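Before any comments, here is the structure.
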Amino acid sequence: QRIKGDYKYELGELASTLNYMAQEIVRSNQVKDDFISSISHELRTPLTSIKGWSETINSGGYDPEETRIGMEIITKETERLIGLVEEILDFSKLQQNEMKIAIGRVDIKELLQEIMLNLWTKAESRQIELRLKSEDRPLVAGDANRLKQVFLNLVDNAIKFSHEHSAIDLVVYFEGDNVVTEVRDTGIGISEDHLVKVRDRFFQVDPLNGGTGLGLAISQQLVELHKGILLIQSTLGEGTTIVVSLPRLPENTAQTDGAPELP
Ligand code: ADP
């Protein structure tokens, strides 16, 4: 009798687990469908613009100045398309565990200085000041290009979601065996429930921003590939701080360029 009861209990457990799994599959399929439809929309917008401008230019309908403007738009939209496609490919590689990273010695302070130069004009056009406060030689073992991609994305977002005449602080410090970098803005912030969705890799809070919503998900996974962690702290209306913690590479470690493994 007792054994029968146990079986009944186990069958009940099994049924509810299967039910839960089925619901999860339905949910994740729905998320994927929504993602594909929003990505397709993102890809179609620049393509429509490129098609329109090139058709009119081809038909000889514009004077030289209008043609020049049209060509500039075509180039910009093409670059945007390439960026979108690269993001999708990166994301899919990360999902399938196929992202390869080349490990070298990376100085996070130098990396951030480079990023500040890259984004200077963009920040200045909105009167946003980029400030860096860093320990000396914050070294990590990592892929310089991929880590640059991470911090470019974070600082670019910080600029995008900041108010004019504000400042963004990049702060680098040591904590235990880690190099911690904070990207702090005083911009629009993210609400509690939207934060949950931002952490959901297929979601974008505001689809009007013209992004894939993959930037943060890619950054987070790239940081994790470097055995680090990425945290989002945000208060609506007050601002956002993204914290990236990466294992510190001791100063006296031999040049690790090309070395296959992280310490
Ligand atoms: P995208 O590449 O489309 O910008 P991200 O993954 O980088 O996507 O960001 C996802 C969403 O998270 C953004 O669309 C935005 O709504 C929100 N977000 C990211 N960074 C910030 C920030 N610094 N301040 C406010 N909102 C942000």
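Looking only at segment 149-172, which residues are among the β-branched types (V, I, T) and within 11 Å of the ligand (Cβ to nearest atom)? Hits for segment 149-172 are V150, V155, I159, I168.
Just one of the listed residues (N178, N252) is at pLDDT 95 or above, more than 9 Å from the ligand (Cβ to nearest atom) and either among the polar types (S, T, N, Q) or out of contact with any Ser or Thr (no Cβ under 7 Å at 6 or more places or on another chain) (or both), and it is N178. Do any residues in segment 75-91 that are under 13 Å from I218 (Cβ atoms) have Cβ atoms under 6 Å from those of residues that are hydrophobic (A, V, I, L, M, F, W, C) and part of a helix (DSSP H, G or I), where the two are at least six apart or on different chains, and which pairs are they? Within 6 Å, the pairs are D90/I218; F91/I218.
Close Cβ contacts (under 8 Å, 6 or more residues apart or on different chains) running from residues in segment 145-163 that are more than 21 Å from A102 (Cβ to Cβ) and in a helix (DSSP H, G or I) to residues that are more than 8 Å from the ligand (Cβ to nearest atom) and of a type in the set (K, R) comprise D156/K122; A158/R184; I159/K122; I159/R126. Kindly indicate which of G210, G258 is within 10 Å of the ligand (Cβ to nearest atom), of a type in the set (G, A, S), at pLDDT below 95 and surrounded by fewer than 20 Cβ atoms within 10 Å (Cβ to Cβ). Of the residues listed, the single one that is within 10 Å of the ligand (Cβ to nearest atom), of a type in the set (G, A, S), at pLDDT below 95 and surrounded by fewer than 20 Cβ atoms within 10 Å (Cβ to Cβ) is G210.
Exactly one residue out of D169, D136 is over 18 Å from the mean Cα position of the chain (by Cα), modelled with pLDDT of 95 or more, of a type outside the set (V, I, T) and not in a loop (DSSP other than H, G, I, E, B): that is D169. Against the definition (without any contact (Cβ under 8 Å) to a residue 24 or more places away in the chain, farther than 30 Å from P138 by Cβ and not in a helix (DSSP H, G or I)), how does G12 come out, yes or no? No; evaluated as a whole, the condition is false for this residue. Being among the polar types (S, T, N, Q), touching a strand residue (DSSP E or B) at 6+ places or on another chain (Cβ under 8 Å), assigned to a helix (DSSP H, G or I) and on the phi < 0 side of the Ramachandran plot, is that true of even one residue in segment 109-117? Within segment 109-117 (the criterion being among the polar types (S, T, N, Q), touching a strand residue (DSSP E or B) at 6+ places or on another chain (Cβ under 8 Å), assigned to a helix (DSSP H, G or I) and on the phi < 0 side of the Ramachandran plot), the answer is yes, since at least one residue qualifies. Taking first residues from segment 21-36 that are surrounded by 10 or more Cβ atoms within 10 Å (Cβ to Cβ) and partners that are not in a helix (DSSP H, G or I) and not small (G, A, S), the Cβ contacts under 6 Å between residues at least 6 apart in sequence or on separate chains come to V31/F202; F35/F202.
Among residues belonging to segment 181-196 that are at pLDDT below 95 and more than 9 Å from the ligand (Cβ to nearest atom), point out the one that is surrounded by the most Cβ atoms within 10 Å (Cβ to Cβ). The residue in question is S191.
The values are calculated or read from the model by the stated rules, or taken from the named source; none is laboratory data. Source: prediction; values computed, not measured. We place every Cβ from the backbone using ideal geometry, glycine too, and count neighbours over all the protein chains shown.
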